[in-house]
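Let me begin by presenting the structure, written as structure tokens, before commenting on it.
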Amino acid sequence: MIMNDRSEHNKVQIIYNCRLPEQTGFFDVTLRGEHIEQVSSRVGEDIALESVLEEDLISNERKIDARGGLLIPGLIEPHIHMEKAMLLHRMPKEAASLQEAIAMTVKLKEGFTKQDMIARSLDVAYRINSYGVTTARCHVEVDPVLGLSAIESLLEVKDRVSDRMDLNIVAFPQEGIYAAPGTAELMKEAVKLGADAVGGITYMDPDLDEHLSFVFRLAAEYDLPLDFHADFSLDPCDRGIMQIARRTKEFGYEGRVAAGHVTSLGAMPREEAVLCAQQIAESGVHIITLPATDLYMNGRQDTDNVRRGLTPVRLLLEQGVNVLYGANNIRNAFTPFGTGNVMDIAWLLAHTAYMGSENDAKLLVKMGTTLAAQVLGMFNYRISAGQTADLALFPVASERELLIERPKPLAVWKNGKMLRPIKTAEDY
Ligand SMILES: [Zn+2]
């Protein structure tokens, strides 16, 4: 056994003839065990792109001809709900507003069992992994209806997918903490059970200050990061994000807090939004735009000149805020679409946030990898010697082509382990 472990630990893989993000030319990337050992440039070669993978296995060394494909760090999904995904067939009708989507989902939650939540969550996990995701943060609901059953289910899913993906679990009080009595105790229990982050929501409890006090104190007590659902509206007076930014600084939590949606910021006059963005940047709060849900849910009450309903991505980036994107929901009342392909979300954002240039495509891939990693406390997430070998190899010649074509990867590596063929839920 010890011999096997050692040989696995030293196993060498050379991915040669690959392209790398934001670089020109071709590279050879050598992996040893779980890590990237070396990245070297191939001088003076021009390799025609081919969508096949050539492998050579010689004793303890595997050589993989990437044929000019693009090797990127494994994609990171920073905001997804797994146990309430894949519910279309159970919905009585389409939800016509955020309130209706929440109410409809509360009803459906009453019928959730652990087995059912695990099955749907595994489906989502395998789907996103098949598109190159090697790390995901999921918001898992904690409320008097589900109790701790969703958290327990996702802890099991985390364990079952650990060879292909790190799952980061946020204890998420979707129904509010005080609006749903009993949730405060359950949140504490969820953290003790093993949640990786404390969640919060600005639009469910009557007193936001009280809500923020609770979640910040809980996070500080267990030294966990925080991740919010914030200001999901088109009302420019919704400024929960500013209270989150202020509390972040008070608690010395700069860089450890994220907030999803924040669409009300997009409804503010530009000068005000700039001032808010500057304070968000100072607090180091990461903003996660969720374009599929935000575009689908917001602006529905507008009868003409319908508002788009996104957070102002470009403005936030210009002010130095770390902006990321996530799928949020897949096939439920909030978002009745989704394949699990992260690049679909990047593509949607590229259209709706006017990010169509070649440099924008590079930025979008960086937002889905290196920059998303920062939310999870990984600050050196890139392809360089010494880093963990979480990688995805795509049959494309550039980031722009990746965004346009959005193919499945030819191979994915998690902690140096090559995952190919990529399994989907049907294989289990
Ligand atoms: Zn969400």
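The values are calculated or read from the model by the stated rules, or taken from the named source; none is laboratory data. Worth saying up front: this structure is predicted, and the values here are computed from it rather than measured. Positions of Cβ are generated from backbone atoms using ideal geometry, with glycine treated the same way; all protein chains shown enter the neighbour counts.
Quick check on the stretch 211-238: of everything there that is among the hydrophobic types (A, V, I, L, M, F, W, C) and not in a helix (DSSP H, G or I), which residue is farthest from Q99 (Cα to Cα)?
The extreme case among them is L224.
Being at pLDDT below 80, out of contact with any Leu (no Cβ under 7 Å at 6 or more places or on another chain) and not in a strand (DSSP E or B) is not true of M86. Determine whether V396 is farther than 18 Å from M165 by Cα, among the hydrophobic types (A, V, I, L, M, F, W, C) and touching an Asp or Glu at 6+ places or on another chain (Cβ under 8 Å). Yes: the conditions hold for V396.
Does the stretch 113-129 include one or more residues that are in a loop (DSSP other than H, G, I, E, B), closer than 30 Å to A373 by Cα and not aromatic (F, W, Y)? There is no residue in the stretch 113-129 that is in a loop (DSSP other than H, G, I, E, B), closer than 30 Å to A373 by Cα and not aromatic (F, W, Y). Sub-6 Å Cβ pairs linking a first residue in the stretch 165-190 that is within 16 Å of the ligand (Cβ to nearest atom) to a second residue that is of a type in the set (D, E), at least 6 apart or interchain, are N168/D196; I169/D196; V170/D227; F172/E141; Q174/E141; E175/D143; G176/D205, ordered by first then second residue.
Filtering the stretch 130-158 to residues that are part of a helix (DSSP H, G or I) and either outside the structural domain of L226 (by TED's automatic domain parsing) or in contact with a strand residue (DSSP E or B) (Cβ under 9 Å, 6 or more places away or on another chain) (or both) leaves S130, A150, I151, S153, L154, L155, V157, K158. Within the stretch 303-325, the set of residues being touching a residue at least 24 places away in the same chain (Cβ under 8 Å) and more than 23 Å from Q279 (Cα to Cα) comprises R307, R308. The residue of the stretch 323-344 that is nearest to the chain's Cα centre (by Cα), among those that are under 15 Å from E405 (Cβ atoms) and of a type outside the set (D, E), is V342. Among the residues making up the stretch 302-337, those that are within 16 Å of A96 (Cβ to Cβ) and either surrounded by fewer than 23 Cβ atoms within 10 Å (Cβ to Cβ) or among the hydroxyl-bearing types (S, T, Y) (or both) are D302, T303, V306, T335, P336.
The residue of the stretch 147-164 that is surrounded by the fewest Cβ atoms within 10 Å (Cβ to Cβ), among those that are more than 23 Å from A372 (Cβ to Cβ) and touching a residue at least 60 places away in the same chain (Cβ under 8 Å), is S153.
Picking from G260, G200, G252, which residue would you name as being surrounded by fewer than 19 Cβ atoms within 10 Å (Cβ to Cβ) and modelled with pLDDT of 95 or more?
Sole residue among the options that is surrounded by fewer than 19 Cβ atoms within 10 Å (Cβ to Cβ) and modelled with pLDDT of 95 or more: G252.
Taking the criterion of being closer than 12 Å to P21 by Cβ and without any contact (Cβ under 8 Å) to a residue 24 or more places away in the chain, no residue of the stretch 372-400 qualifies.
I'd like to verify a number: residues in the stretch 73-99 that are within 15 Å of the ligand (Cβ to nearest atom), farther than 30 Å from L20 by Cβ and of a type in the set (D, E, K, R), how many?
Adding up the residues that qualify gives 2.
Does A48 meet the test of being surrounded by fewer than 19 Cβ atoms within 10 Å (Cβ to Cβ), over 21 Å from I128 (Cα atoms) and either among the small types (G, A, S) or not assigned by TED's automatic domain parsing to the domain that holds L391 (or both)? So A48 passes the test.
Among the residues of the stretch 189-210, those identified as under 24 Å from the mean Cα position of the chain (by Cα) and assigned to a helix (DSSP H, G or I) are A190, V191, K192, L193.
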